[in-house]
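Take a look at the structure set out below.
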Amino acid sequence: LLDPRPISWTTTTTCGYCGVGCTLRVHVRDNEVAAITPVHAAPVNRGHACVKGRFAHAFTRSRDRLTTPLIRRGGRKSPLEPTSWDEALTVVATRLAAIRDRHGPDAIGMISSARATNEENYLAQKFARAVLGTNNVDNCSRLCHAPSAVGLTASFGYAGGTNSVDDLDGTDCILIAGANPTEAHPVIGARIKQLVLRGARLVVIDPRRIDLAEMADVYVQAKPGSNVAVFNGIARVLLDEGYADEEFLRTRASGLAELTDLLRDYPVDHAARVAGVQPETLTMAARLYGTARRPAIVYGLGITEHAHGTDGVRTLANLAILKGAVGTPGCCGVLSMRGQNNVQGASDMGALPDMLPGYQHITNADVRARFARHWGVSVPERPGLRILEMFEAAIAGRVRAMYVIGEDIAQTDPDSGNVRKALAACDLVVSHDLFLSRTAHLADVVFPAVSFLEKDGTFVNFDRRVQRVRPALTPPGQAKPDFDILQLLAHTMGAELGCPTPADALAECATLTPTFAGISHARLDRDGPLHWPCRAEDQPGEGRLYLDSFATHDGRAALAARPYLPPGEQPDAAFPYVLITGRRLVHYNSGSMSRRTPNMELRPREVLDLHPDDGARLRIADGNLVEVTSRRTAVTFSVHLTDTVAPGQLFTSFNFPDTPTNALTSDVAETVTGCPEYKVTAVSLRPV
Ligand code: SF4
């Protein structure tokens, strides 16, 4: 903005990095971002933005942006070469049709994208079901918040957080579990700090001494994988010491008898022993939550990315139910911090193997018939494969083509060696991307896609708020939105997806999806963001859910009696350390965007966090190289000594391809949802 040349135009849109969904104003000069400023009147960010949303935009004009389709003409060993859209579309259409005809539609797997808009996700699942004829469509919420969708639905009724973030303003106690908002959701992290400075009490439950732990009234440094024991222990204190809301439990909840029975096995000493903390610490945490008038729960992937992630969500939800802190006037409920910009929306739009848009189950004949009537084709009934199941099926030869939209699965998915094996086994791999990612490198055809700053549509943020995304820049070269690519491909295959514009796609979704019935581009442009469920044009959308009734089969919140089960992967003498993966402030996921910005000056490479006591014992100093070996492979990192990790535990991110963390991570996945156990990988450590 200090540049004296005039700004060409300014566009108001939604940040494409994390799930907070900050509203930003993008100031453009000569089709380049001159500056990004946060919007003061925006309900979520209220004039704030973080180092990613505000400054990490140079990737849009990076010299290695893909600007033409790429194709491999002579098999996998031949190079990817630029080609025309006509040739790329024809090759993909012909080969997909051939695989479908020869091996059946379920021989194709599609991974849609939490980075893409709702409208693109809606089209992706429609393309999979209506054009290819398969339910093999999934999105990366499978790898992060699938346990939230299942757990929150079972406890309360809807697959999303129970409240609007605005409700945090009324809280007098925040319990944060398995989330590090300061780095992963910085604007919410800042808001929590403001609330604490204004007097709210703070309980932090996390294996790492995160930034917010320094402000906490109680910090519970629970071992990775011990969440269920911790929450059961807290629940036991709430009941034993009389903090439960008996009237609420009698009139609005179910399952108390079973839970009380189970909790006989969870005296606080036992729960504390499993978690590796003092019983008094757990009791204090329970008392702070129990004595609060309006307690709030904020949680993240530290709860879900476990072998028993759904149990973690449900036992955490138990606390809000016991306290009557959900579905009541003034309550603050349970907020699940979604990682990616549109990971909520990708699932809301039905990019799931067992759900049509709005979490309408694919096995429901009435639901299928409604979609079939509108689409003019039959909708396959049998639930499709989840992401990790697609990889196994590809290795076994049952899936022959993988179609991947905007995800770098070869870098970000667990046990990435296995992912590469799956892609290598396929007859056809197609990728939509901004850059030649690790996945695009392995593809047969790559379509050049556009970023959130170049596309039109909507995202859903972590508190179920549907917000507009508007193009600020013209895409480079021949790059196209995923929306257009899917339309063109369907057309090349002799089908039509039938929604010429993103507004039309959301309108069609609203027609078929009761929870989105009142949401349209026109209304969002006129009135601003809307929470789903929003069942009619004249309804405002529900930020605070369940005031009248829970959306469960009996209208009651369902307490869950879930025993603690140990993590799927255990340390032993050969692999004595536990590796935890997570986020860093200035980078984002695979790093494909943030590594192409000046944020690299702040963090030019990844490091491995190691406790100084472990460093001293192994004679490893800050900056030394170490080889980390898991039961799958070994990766070399530079060490950062820090007491934010506990002795015996390690932490790193997966932002950098030259330190491929997910080559190490556990191949264990939760049976209920297929969510991988990213947070517990047994490893050994050796100075290099
Ligand atoms: Fe973007 Fe999240 Fe930062 Fe907001 S907090 S600016 S949504 S990355």
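The values are calculated or read from the model by the stated rules, or taken from the named source; none is laboratory data. All figures in this text were calculated on a predicted structure; none of them were measured in a lab. Because the Cβ atoms are built from the backbone with ideal geometry, glycine has one as well, and the counts that use them run over all protein chains shown.
Only residues that are of a type in the set (G, A, S) and either under 19 Å from I303 (Cα atoms) or within 16 Å of the ligand (Cβ to nearest atom) (or both) were counted across the stretch 165-204, and they come to 6. Going residue by residue through the stretch 609-629, is there one that turns out to be part of a strand (DSSP E or B), in contact with an Asp or Glu (Cβ under 7 Å, 6 or more places away or on another chain) and among the aliphatic types (A, V, I, L, M)? For the stretch 609-629, residues part of a strand (DSSP E or B), in contact with an Asp or Glu (Cβ under 7 Å, 6 or more places away or on another chain) and among the aliphatic types (A, V, I, L, M): absent.
Residue-level check: of (1) surrounded by 20 or more Cβ atoms within 10 Å (Cβ to Cβ); (2) modelled with pLDDT of 95 or more, H103 misses just (1). Each residue in the stretch 604-618 was checked for being touching a residue at least 60 places away in the same chain (Cβ under 8 Å) and farther than 9 Å from V639 by Cα, and 2 of them qualify. Quick check: is even one residue across the stretch 515-528 under 25 Å from I321 (Cβ atoms), part of a loop (DSSP other than H, G, I, E, B) and under 25 Å from the mean Cα position of the chain (by Cα)? No, because not a single residue in the stretch 515-528 is under 25 Å from I321 (Cβ atoms), part of a loop (DSSP other than H, G, I, E, B) and under 25 Å from the mean Cα position of the chain (by Cα).
Within the set N232, N227, N180, the sole residue that is modelled with pLDDT of 95 or more, more than 25 Å from T328 (Cα to Cα), touching a Ser or Thr at 6+ places or on another chain (Cβ under 8 Å) and of a type outside the set (A, V, I, L, M) turns out to be N227.
Checking the stated criteria, P6 turns out to be out of contact with any strand residue (DSSP E or B) (no Cβ under 7 Å at 6 or more places or on another chain) and more than 16 Å from S451 (Cβ to Cβ).
Residues being crowded, with 21+ Cβ neighbours inside 10 Å and of a type in the set (S, T, N, Q): count how many of those fall in the stretch 447-486. Number of matching residues: 4. A Cβ distance below 7 Å, combined with a sequence gap of six or more or placement on separate chains, defines the contacts here; from the stretch 484-503, residues that are assigned by TED's automatic domain parsing to the domain that holds I99 reach residues that are β-branched (V, I, T) and surrounded by fewer than 21 Cβ atoms within 10 Å (Cβ to Cβ) in the pairs T492/T90. Does any residue in the stretch 48-69 that is basic (K, R) come within less than 8 Å, Cβ to Cβ, of a residue that is more than 16 Å from the ligand (Cβ to nearest atom) and outside any loop (DSSP other than H, G, I, E, B) six or more places away or on a different chain, and which pairs are these? Note: pairs meeting the criteria are R61/E32; R65/P448. Screening R287, R252, R209, R264 for residues that are basic (K, R) and in contact with a Ser or Thr (Cβ under 7 Å, 6 or more places away or on another chain) leaves exactly one candidate, R209.
Taken over the stretch 506-518, the criterion of being buried (at least 17 other Cβ atoms within 10 Å of the Cβ) and touching a residue at least 60 places away in the same chain (Cβ under 8 Å) is satisfied by L506, E508, C509, L512, T513, T515, F516.
The residue that is farthest from D366 (Cα to Cα), counting only those in the stretch 379-413 that are β-branched (V, I, T) and out of contact with any strand residue (DSSP E or B) (no Cβ under 8 Å at 6 or more places or on another chain), is T412. Among the residues of the stretch 522-533, the ones that are buried (at least 21 other Cβ atoms within 10 Å of the Cβ), within 13 Å of Q467 (Cα to Cα) and of a type outside the set (A, V, I, L, M) come to 3 in all.
Return yes when L434 is within 16 Å of the ligand (Cβ to nearest atom) and not polar (S, T, N, Q) and no when it is not. No: the conditions fail for L434. Checking G233 against (1) away from the ligand (no atom under 16 Å from the Cβ); (2) surrounded by fewer than 24 Cβ atoms within 10 Å (Cβ to Cβ): exactly one of these is not met. Which one? All conditions pass for G233, except number (2). All of R115, R100 fail the test of being charged (D, E, K, R) and within 16 Å of the ligand (Cβ to nearest atom), apart from R115.
So that you can scan it fast, the table gives a plain yes or no per residue for (1) closer than 19 Å to V204 by Cα; (2) of a type in the set (S, T, Y); (3) buried (at least 16 other Cβ atoms within 10 Å of the Cβ); (4) in contact (Cβ under 8 Å) with a residue 40 or more places away in the chain:
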residue	(1), (2), (3), (4)
E241	no, no, no, yes
R250	no, no, no, no
H270	no, no, yes, yes
Q278	yes, no, no, no
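Considering only the stretch 1-20, state which residues are more than 14 Å from the ligand (Cβ to nearest atom) and either assigned to a loop (DSSP other than H, G, I, E, B) or assigned by TED's automatic domain parsing to the domain that holds N180 (or both). Once the filter is applied, which keeps residues that are more than 14 Å from the ligand (Cβ to nearest atom) and either assigned to a loop (DSSP other than H, G, I, E, B) or assigned by TED's automatic domain parsing to the domain that holds N180 (or both), the stretch 1-20 yields L1, L2, D3, P4, R5, P6, I7, S8. Checked against (1) crowded, with 24+ Cβ neighbours inside 10 Å; (2) of a type in the set (A, V, I, L, M, F, W, C); (3) in a helix (DSSP H, G or I), V150 passes all but a single condition, namely (1).
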